[in-house]
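A short write-up of the structure that comes next.
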Amino acid sequence: MELKDTQSERDLRNLPIDRVGVKNLRYPIRVRDRSRDVQETVARVRLTVDLPHHFKGTHMSRFLEVLHSHGPVLHVDNIGDILRQLSARLESDCAHAEFRFPYFIEKKAPVTGARGFLDYEVVFSATLERGRVDFVLGVGVPVTTLCPCSKAISARGAHNQRGMVDLSVRFSRTVWIEDLIALVEGAASSELYSVLKRPDEKAVTERAYDNPVFVEDLVRNVSMRCRAHPDIRWHRVEVENFESIHNHNAYAEIEWPPATPL
């Protein structure tokens with residue numbers, strides 16, 4: 001018995017849809033880890049395509065079939081293959097994929113060497129359009145920032161806070177996730193650790209005090225480091241400080257090269 005294919009019926013409203021597909025799908029993946037070869041984690045996945053105006057709907061099951069056919073190993077070339085297969089199976093000119101997942105790095109405390117894992121958010125985002133794959137790698141890196149103004153005007157101490165740096169890059173040669181994280185952490189007042197004994201806490205506190213940065217300093221520091229990197233050809237950096245003495249957050253953003261105005 002042949003079942004009716006409602007999605008493929010003609011739609012008379014003459015309105016194409018920019019993106020249609022599946023979102024917030026949890027999927028086990030394996031990604032390259034510089035120190036351990038491969039790291040297993042769980043991604044939140046979004047897969048979409050453009051829908052031509054004459055189709056009533058898309059076939060949602062095909063997104064999952066394409067993803068599952070490629071297995072759990074995730075890398076740049078693999079994502080390109082997923083996009084090309086989505087475009088072909090769903091008869092679309094443009095396809096998009098986003099994989100957002102926690103990535104863990106084992107870090108040693110600066111004095112005692114106590115070990116612990118710290119998690120970072122990593123994003124693989126790619127678009128296939130006119131046969132070309134555009135891939136963007138993103139990292140979300142928590143850091144410590146200490147206010148230069150507070151240090152300059154206060155007789156005792158200075159206020160500090162946790163900041164979040166979201167860095168997205170396009171590259172000419174593959175860049176390690178770990179290298180992007182280190183690039184960001186080196187631009188802040190101090191990096192974060194999961195395990196700190198008292199000697200470590202003293203060292204981290206004093207390091208931050210000796211290296212105060214405004215949100216403006218941090219976004220510029222990261223941008224300058226990206227511009228000096230031989231393999232990064234575009235970047236966008238956003239910094240948000242969760243202020244400890246205000247009920248609002250401080251924010252700054254740089255994109256380089258800047259986007260072309262419409």
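The values are calculated or read from the model by the stated rules, or taken from the named source; none is laboratory data. Only a predicted model underlies this, so the values are computations on that prediction, with no experimental measurement involved. Here the Cβ positions follow ideal geometry from the backbone for every residue, glycine too, while neighbour counts run over all protein chains shown.
Within the stretch 1-56, being in a loop (DSSP other than H, G, I, E, B), closer than 23 Å to residue 82 by Cα and in contact (Cβ under 8 Å) with a residue 40 or more places away in the chain holds for one residue alone: 52. Residue 232 passes every criterion in (1) surrounded by fewer than 16 Cβ atoms within 10 Å (Cβ to Cβ); (2) over 26 Å from residue 156 (Cα atoms) apart from (1).
Taken as a whole, the stretch 193-204 holds no residue that is under 28 Å from residue 258 (Cα atoms) and out of contact with any Cys (no Cβ under 8 Å at 6 or more places or on another chain). Sort out which residues of the stretch 23-46 are loosely packed, with under 14 Cβ neighbours inside 10 Å and either at pLDDT 95 or above or not hydrophobic (A, V, I, L, M, F, W, C) (or both), and write them in order of number. Selection gives 23, 24, 26, 28, 34, 35, 36, 37, 40, 42.
Checking each residue in the stretch 87-104 for being closer than 17 Å to residue 130 by Cβ and either in contact with a Lys or Arg (Cβ under 6 Å, 6 or more places away or on another chain) or in contact (Cβ under 8 Å) with a residue 40 or more places away in the chain (or both) picks out 87, 90, 92, 93, 94, 95, 96, 97. Of the residues making up the stretch 189-201, not a single one is under 29 Å from residue 133 (Cβ atoms) and among the polar types (S, T, N, Q). In this structure, residue 212 does satisfy being crowded, with 17+ Cβ neighbours inside 10 Å and modelled with pLDDT of 95 or more.
Would you mind stating whether residue 20 is within 30 Å of residue 178 (Cβ to Cβ), among the β-branched types (Val, Ile, Thr), surrounded by 15 or more Cβ atoms within 10 Å (Cβ to Cβ) and touching a Ser or Thr at 6+ places or on another chain (Cβ under 9 Å)? It is false that residue 20 is within 30 Å of residue 178 (Cβ to Cβ), among the β-branched types (Val, Ile, Thr), surrounded by 15 or more Cβ atoms within 10 Å (Cβ to Cβ) and touching a Ser or Thr at 6+ places or on another chain (Cβ under 9 Å).
Of all residues in the stretch 118-157, which are over 26 Å from residue 30 (Cβ atoms), in contact with a strand residue (DSSP E or B) (Cβ under 7 Å, 6 or more places away or on another chain) and surrounded by fewer than 17 Cβ atoms within 10 Å (Cβ to Cβ)? The one that is over 26 Å from residue 30 (Cβ atoms), in contact with a strand residue (DSSP E or B) (Cβ under 7 Å, 6 or more places away or on another chain) and surrounded by fewer than 17 Cβ atoms within 10 Å (Cβ to Cβ): 129.
Here 4, 107 are screened, and the one residue that is under 30 Å from residue 201 (Cα atoms) and either out of contact with any His (no Cβ under 6 Å at 6 or more places or on another chain) or not hydrophobic (A, V, I, L, M, F, W, C) (or both) is 107. Where helices (runs of 4 or more DSSP H) fall wholly inside the stretch 167-262, the ranges with 3 or more residues that are over 17 Å from the mean Cα position of the chain (by Cα) and either farther than 25 Å from residue 34 by Cβ or without any contact (Cβ under 8 Å) to a residue 40 or more places away in the chain (or both) are 198-210, 215-228.
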